[in-house]
Amino acid sequence: MSNPITLPELQEFIAGFWFHYDEADYEELTVRYAEDVHYVTRSDSGSSPFEELMSPELHGRDAVMAWLSEHRKQSPYPLRHHATNVHRTGTHGDTTRARFYIFVNQVANFVPFAVSSGVANVGVRRVARGLEFTEMDIILDTTNSVLLSELHSDSSSA
């Protein structure tokens, strides 16, 4: 019997996840990952000066939580992750696929400023205790923006 994940449920789950990440609530984060989760983070170019720091490919909740908790401890507070334009991209078995933008800010000299942005692709499934991520693939923006017309002319000449 199918029990599809609604868009409002998905949005609330993703927003809650990022809130708990920002607050370093590792207990709450842990229950939001499937035991067999696949987690990948990387830059859009694959050649960011920080690539080594941001590019784990991890399998399993324990490995993800070990990396995420250390990564968070090395990040500023307050740190705010914003998930926007959340939309479903399909389903595969009991997993709902979704995509969204991520925007991150922190505060310096009493003023919030942008730190990072990117695109997240996730898989989420319903289990007895609620929803859980089965996969999370985050592609961080590190390539300088150019006019879209220039981007297309470069790709068409290649």
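The values are calculated or read from the model by the stated rules, or taken from the named source; none is laboratory data. This structure is a prediction, so every number in the text was calculated from the model and none was measured. All Cβ positions, even for glycine, are placed from backbone atoms using ideal geometry, and neighbour counts span all protein chains on display.
Checking every residue in the stretch 75-86 against the condition of being at pLDDT below 95 and of a type in the set (Lys, Arg) gives zero matches. Filtering the stretch 128-146 to residues that are without any contact (Cβ under 8 Å) to a residue 60 or more places away in the chain and either not in a loop (DSSP other than H, G, I, E, B) or not polar (S, T, N, Q) (or both) leaves 128, 146.
The number of residues in the stretch 40-55 being more than 15 Å from the chain's Cα centre (by Cα) and buried (at least 16 other Cβ atoms within 10 Å of the Cβ) comes to 1. Of the residues making up the stretch 22-43, at least one is closer than 15 Å to residue 139 by Cβ, of a type in the set (A, V, I, L, M, F, W, C) and not in a loop (DSSP other than H, G, I, E, B). Among the residues of this structure, residue 101 does not count as one that is assigned to a loop (DSSP other than H, G, I, E, B) and of a type in the set (Phe, Trp, Tyr). Pairing residues of the stretch 13-42 that are under 20 Å from residue 55 (Cα atoms) and among the acidic types (Asp, Glu) with residues that are buried (at least 20 other Cβ atoms within 10 Å of the Cβ) and modelled with pLDDT of 95 or more, at Cβ distances under 8 Å and at least 6 apart in sequence or on separate chains, gives 36/61; 36/134. Out of 77, 101, one residue alone is among the aromatic types (Phe, Trp, Tyr) and within 18 Å of residue 24 (Cα to Cα). It is 77. If the condition is being modelled with pLDDT of 90 or more and closer than 18 Å to residue 21 by Cα, then the stretch 43-68 contributes 56, 58, 60, 61, 62, 63, 64, 65, 66, 67, 68.
Can you tell me which residues in the stretch 22-38 are under 19 Å from residue 94 (Cβ atoms) and not small (Gly, Ala, Ser)?
Quick first cut of the stretch 22-38, residues under 19 Å from residue 94 (Cβ atoms) only: 31-38.
31, 32, 33, 35, 36, 37, 38 - these are the residues of the stretch 22-38 that are under 19 Å from residue 94 (Cβ atoms) and not small (Gly, Ala, Ser).
Return the residue satisfying two criteria in turn: it lies in the stretch 102-131 and is in contact with a His (Cβ under 8 Å, 6 or more places away or on another chain) and within 18 Å of residue 44 (Cα to Cα), and of such residues it is surrounded by the most Cβ atoms within 10 Å (Cβ to Cβ). Show your work before the answer.
Step one: list which residues in the stretch 102-131 are in contact with a His (Cβ under 8 Å, 6 or more places away or on another chain), which gives 102-105, 123.
Pick out the ones that are also within 18 Å of residue 44 (Cα to Cα) and you get 102-104.
Values: 102: 20, 103: 16, 104: 17.
So, considering only residues that are in contact with a His (Cβ under 8 Å, 6 or more places away or on another chain) and within 18 Å of residue 44 (Cα to Cα), the one surrounded by the most Cβ atoms within 10 Å (Cβ to Cβ) is 102.
Residue 72 falls short of the stated requirement of being over 18 Å from residue 137 (Cβ atoms), touching a strand residue (DSSP E or B) at 6+ places or on another chain (Cβ under 7 Å), of a type in the set (Lys, Arg) and surrounded by 14 or more Cβ atoms within 10 Å (Cβ to Cβ). Residues of the stretch 74-103 that are over 23 Å from residue 13 (Cα atoms) and in contact (Cβ under 8 Å) with a residue 12 or more places away in the chain: 76 alone.
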